[in-house]
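These notes concern the structure reproduced below.
Bear in mind that the values in this text are calculations on the coordinates, not laboratory data. Just so we're clear, the structure is a prediction, and the values are computed from it rather than from any experiment.
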Amino acid sequence: MKRIKVNWRYILTGIGLVLVVILVIDFNQRLDTLNRQSMQLATVQAEGTQVVETQVALMTRVAYAGSDASVEEWAYTEGRWVRQGESLVQPIPDGSAAPTPTAPPVPVTPEPENWQIWLELFFGK
C-alpha cells in the first residue's frame, strides 16, 4: 500500500484563501448596506429639514395673525375701518339705475315623434 504524502502548506494556503474570499464578500455586503443607509439618512434629513422649515413658516403666520398689525390690515382692507385723518366714503345708489335687461325667452320647438321622423325620411312630407 502506497501512502500519499500530504503537504499541509497547500491545504492551509487554500483554507486561508477561502477565508479571505468570504471576508471580502462580507465586507462588500457591509459597504453596500452602509451606502444604502447613508442615502436613506440623507433623504430623511432633507425631509426633516423641510418639516422644520414648514413649522417655522406656519408659526410665523400664526404669530402675525394674532398681532395688532394683522388686525389693522384686515380692518382696513376688508372691514370698514379708517385710519386717523381719513374719512370713510360709501357710495349710495341714487335709485335711477336701470335694471339689467333680460333676454326674451327662446321658443322651444317640440321634439318630433319617431313615426314622424320615419315618415319624413321615406316620403319627404
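Given the Cα-Cα distance of Phe27 and Thr109 and 0.36 nm per residue of separation, how much length would full extension add, in nm? Working shown, then result.
Values: separation 82, 0.36 × 82 = 29.52 nm, distance 8.60 nm.
Full-extension gain reported as 20.9 nm.
Comparing Val62, Val52, Val106, which has the greatest mean-square fluctuation in the GNM of the chain with Cα pairs linked when under 10 Å apart?
Result: Val106 has the largest fluctuation of those listed.
In units of 2.2 N^0.38 Å, what is the alpha-carbon radius of gyration of the chain?
Numbers: Rg = 44.6 Å, N = 125, 2.2 N^0.38 = 13.8 Å.
My calculation over the Cα atoms of the chain gives 3.24.
Could you pull out every whole DSSP H run in the chain that spans at least 30 Å of Cα extent along its own axis and averages -0.5 or higher on the Kyte-Doolittle scale?
Within the chain the helices that satisfy the rule are 8-65.
What whole-number distance in Å separates the alpha-carbon centres of region 107-125 and region 1-69?
First find each Cα centre; the distance between them is then 80 Å.
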